[in-house]
1. Quick one: which residue in 332, 261, 254 is crowded, with 20+ Cβ neighbours inside 10 Å, within 30 Å of residue 177 (Cβ to Cβ) and out of contact with any strand residue (DSSP E or B) (no Cβ under 6 Å at 6 or more places or on another chain)?
2. So which residues in segment 241-259 are under 13 Å from the mean Cα position of the chain (by Cα) and more than 21 Å from residue 337 (Cβ to Cβ), if there are any at all?
3. List pairs: first in segment 283-302 and outside the structural domain of residue 364 (by TED's automatic domain parsing) and surrounded by 14 or more Cβ atoms within 10 Å (Cβ to Cβ), second modelled with pLDDT of 95 or more and in a helix (DSSP H, G or I), Cβ under 9 Å, 6+ apart or cross-chain?
4. So, of the residues in segment 239-251 that are assigned to a helix (DSSP H, G or I) and out of contact with any strand residue (DSSP E or B) (no Cβ under 7 Å at 6 or more places or on another chain), which turns out to be surrounded by the most Cβ atoms within 10 Å (Cβ to Cβ)?
5. Give me the strands (runs of 3 or more DSSP E) completely within segment 278-397, filtered to those with at least 3 residues that are within 30 Å of residue 131 (Cβ to Cβ) and in contact with a helix residue (DSSP H, G or I) (Cβ under 7 Å, 6 or more places away or on another chain), ordered by residue number.
6. Among the residues that make up segment 205-218, is at least one of them more than 14 Å from the chain's Cα centre (by Cα) and under 18 Å from residue 50 (Cβ atoms)?
7. It is to be established whether one or more residues within segment 123-131 are touching a helix residue (DSSP H, G or I) at 6+ places or on another chain (Cβ under 7 Å), farther than 12 Å from residue 41 by Cα and crowded, with 21+ Cβ neighbours inside 10 Å.
8. If the Cβ limit is 6 Å and pairs must be 6+ apart or interchain, which residue in segment 42-69 that is within 16 Å of residue 135 (Cβ to Cβ) pairs with which residue that is modelled with pLDDT under 95 and assigned to a helix (DSSP H, G or I)?
């Protein structure tokens, strides 16, 4: 894993060091005739970094035949514009210029502060955006700024921001960049890339975005939640994607920068999103799959009640694929890979007295006749929470739960029931 992370960051940096413009970094690939239905992705990097930070995600997508563009924001990467001369509109114009070169709509991703930029871009060019993807991103409300939304937030990032008004930029002080951004990559790998981290222009961070339901509001939105984020904490990420609803939440067990620590997973999610957006399934297929997922999840509820009485996690684990992934939040609950580890998790829950599991407000997205994504709220006798994602895949004519991501948002007491 360490070698893979090091190689991906090195590849991104090598492109950064040998190019001098967004055109060179993000030159679109020629698309073959059988790939014309594939989406173009525009990846907007975060504050403090540059196009190099998105290159590993781009490489994964290009290998699958997609066209990928990584714009270079002013005062980042090879662009030497003084930070004090940079305004939010400069960022927006940079992205719009790239969108205007495209024949069709793009999937537009923004990492961290980049989320604020893509919202404003979508407002100004709704006809060029197929969907918006926020990678641990700032999905903030109309009339507010990035800094407004961080005002009362305590995180490694917010507690170590150093503002230099004279030079017009902000930095992460006290040697906290590693901890705030990419604590899940090896420290020596980070040290090799640290010199390419740049001060962030101050003015854009206080820009209050202008969004309308007619433009921004009509574009499908997706959120990729970073579960071990020490820059934008879980509570804020959840607040953002619930107050400004999204079509689907995906999760990655990573730091604030999964584009560096797990670019393959980010790319896989982006491919899944384009599959959702390009979905041309008949209503008959969608209804059939939806009915089957509703049936299997209703049976899971009944099995959970029975096994809660018997204190034995068996049938509720049988639905999981052999190498399934379960991610339970808060982070203290942990991430579990493989059926045996998932069985231990649920057995511990049953031993602790958990029972009466019920799905509420299920939403099922059908990708094809063998793949579906479920999100919902849920409750038990001890907890209430959110299912951000259950990914169901039909293998050998049987539905398997291959990914299960949920969060406990409320611990119940006898008085609160």
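1. When all the criteria are applied, what remains is 261.
2. 241, 246, 247, 248, 256, 257, 259
3. Once the first residue is outside the structural domain of residue 364 (by TED's automatic domain parsing) and surrounded by 14 or more Cβ atoms within 10 Å (Cβ to Cβ) and sits in segment 283-302, no partner that is modelled with pLDDT of 95 or more and in a helix (DSSP H, G or I) comes close enough.
4. 240
5. 320-329, 358-368
6. Yes, there is a match, as at least one residue in segment 205-218 is more than 14 Å from the chain's Cα centre (by Cα) and under 18 Å from residue 50 (Cβ atoms).
7. no
8. From residues that are within 16 Å of residue 135 (Cβ to Cβ), the pairs are 51/25; 52/12; 52/13; 52/16; 55/12; 55/15; 56/8; 56/12.
The values are calculated or read from the model by the stated rules, or taken from the named source; none is laboratory data. Computed from a predicted model, the values in this text were never measured in an experiment. Cβ atoms come from the backbone with ideal geometry, glycine included; neighbour counts cover every protein chain shown.
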